[in-house]
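The values are calculated or read from the model by the stated rules, or taken from the named source; none is laboratory data. All values derive from a computational prediction rather than experimental measurement. In this analysis, Cβ positions are derived from the backbone assuming ideal geometry, glycine residues included, and neighbour counts consider all displayed protein chains. Surface accessibility is based on the protein's heavy atoms, side chains included, excluding ligands, DNA and RNA. Shrake-Rupley method; radii C 1.70, N 1.55, O 1.52, S 1.80 Å.
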Amino acid sequence: VQLQASGGGLVQPGDSLRLSCAASEGTFRSYTMSWFRQGAGQEREFVAAIRLSGGYKYYADSVKGRFTVTRDNAKNTMYLQMNSLKPEDTAVYSCAAGRPILSAITTASTYYYWGQGTHVTVSS
């Protein structure tokens with residue numbers, strides 16, 4: 001599965017942005033999809049995950065209430081709606097596909113496929 005992330009950019013604090021992650025094939029619907037991010041000089045961190053049909057979602061505490069992850073299995077695409085952006089959200093955002101057990105859903109090493117990152121910069 002090839003993943004293509006897009007939608008990053010430069011925004012001001014408080015603005016919104018929507019990221020997309022398009023998958024190359026229809027098996028997309030059989031994978032848990034997640035977003036991770038990595039700021040400059042920082043470790044990669046989990047942001048949000050959405051399971052197969054979209055019925056189960058999980059968020060990092062730092063983005064809960066501000067970010068929403070969704071997926072459209074008909075379009076083989078996952079989205080991350082980011083609202084009320086803060087400077088600390090500045091990072092390279094990457095999407096990933098895998099079949100982790102629930103207890104490992106935030107663990108990057110459990111994901112099989114990764115897209116290239118898209119840059120998000122939040123600055124005034």
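Can you work out which of the residues in the range 83-103 that are surrounded by fewer than 16 Cβ atoms within 10 Å (Cβ to Cβ) and at pLDDT below 95 is farthest from residue 23 (Cα to Cα)? If you could, list the steps in order and put the result at the bottom.
Quick first cut of the range 83-103, residues surrounded by fewer than 16 Cβ atoms within 10 Å (Cβ to Cβ) only: 83-84, 86-88, 99, 101-103.
Checking which are at pLDDT below 95 leaves us with 99, 101-103.
Working: 99: 15, 101: 21, 102: 22, 103: 24 Å.
Checked the range 83-103; the qualifying residue farthest from residue 23 (Cα to Cα) is 103.
Return the only residue of 75, 86 being more than 15 Å from the chain's Cα centre (by Cα) and closer than 15 Å to residue 53 by Cα.
On inspection, the qualifying residue turns out to be 75.
Return the residues of the range 1-10 that are hydrophobic (A, V, I, L, M, F, W, C) and open to solvent by 20 Å² or more (accessible area, probe 1.4 Å); say none if nothing qualifies. I'd like the intermediate steps shown before the answer.
The initial filter retains those residues of the range 1-10 that are hydrophobic (A, V, I, L, M, F, W, C), namely 1, 3, 5, 10.
Within the range 1-10, 1, 10 qualify.
Name the single residue that is surrounded by the most Cβ atoms within 10 Å (Cβ to Cβ) among those in the range 19-61 being within 14 Å of residue 111 (Cβ to Cβ) and of a type in the set (Ser, Thr, Tyr).
Taking the candidates together, the pick is 34.
What are the residues in the range 65-79 that are of a type in the set (A, V, I, L, M, F, W, C), farther than 19 Å from residue 112 by Cα and buried (at least 16 other Cβ atoms within 10 Å of the Cβ), if any?
Here is the first cut: in the range 65-79, the residues of a type in the set (A, V, I, L, M, F, W, C) are 67, 69, 74, 78.
From the residues that got through so far, the ones that are farther than 19 Å from residue 112 by Cα too are 67, 69, 74.
Answer for the range 65-79, where residues must be of a type in the set (A, V, I, L, M, F, W, C), farther than 19 Å from residue 112 by Cα and buried (at least 16 other Cβ atoms within 10 Å of the Cβ): 67, 69.
Could you please let me know if residue 17 is within 14 Å of residue 121 (Cα to Cα) and either of a type outside the set (Phe, Trp, Tyr) or in contact with a Phe, Trp or Tyr (Cβ under 9 Å, 6 or more places away or on another chain) (or both)? Even if it seems obvious, please write down each step before you answer.
Numbers: within 14 Å of residue 121 (Cα to Cα): yes; either of a type outside the set (Phe, Trp, Tyr) or in contact with a Phe, Trp or Tyr (Cβ under 9 Å, 6 or more places away or on another chain) (or both): yes.
It is true that residue 17 is within 14 Å of residue 121 (Cα to Cα) and either of a type outside the set (Phe, Trp, Tyr) or in contact with a Phe, Trp or Tyr (Cβ under 9 Å, 6 or more places away or on another chain) (or both).
Matching residues to (1) in contact with a strand residue (DSSP E or B) (Cβ under 8 Å, 6 or more places away or on another chain); (2) open to solvent by 20 Å² or more (accessible area, probe 1.4 Å); (3) at positive phi:
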residue	(1), (2), (3)
63	yes, no, no
81	yes, yes, no
109	no, yes, no
122	yes, no, no
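For the range 57-115, give me each residue that is free of Cβ contacts under 8 Å to residues at least 60 places away in the same chain, assigned to a strand (DSSP E or B) and of a type outside the set (Val, Ile, Thr).
Listed by number, the residues that qualify are 57, 58, 59, 67, 71, 72, 78, 91.
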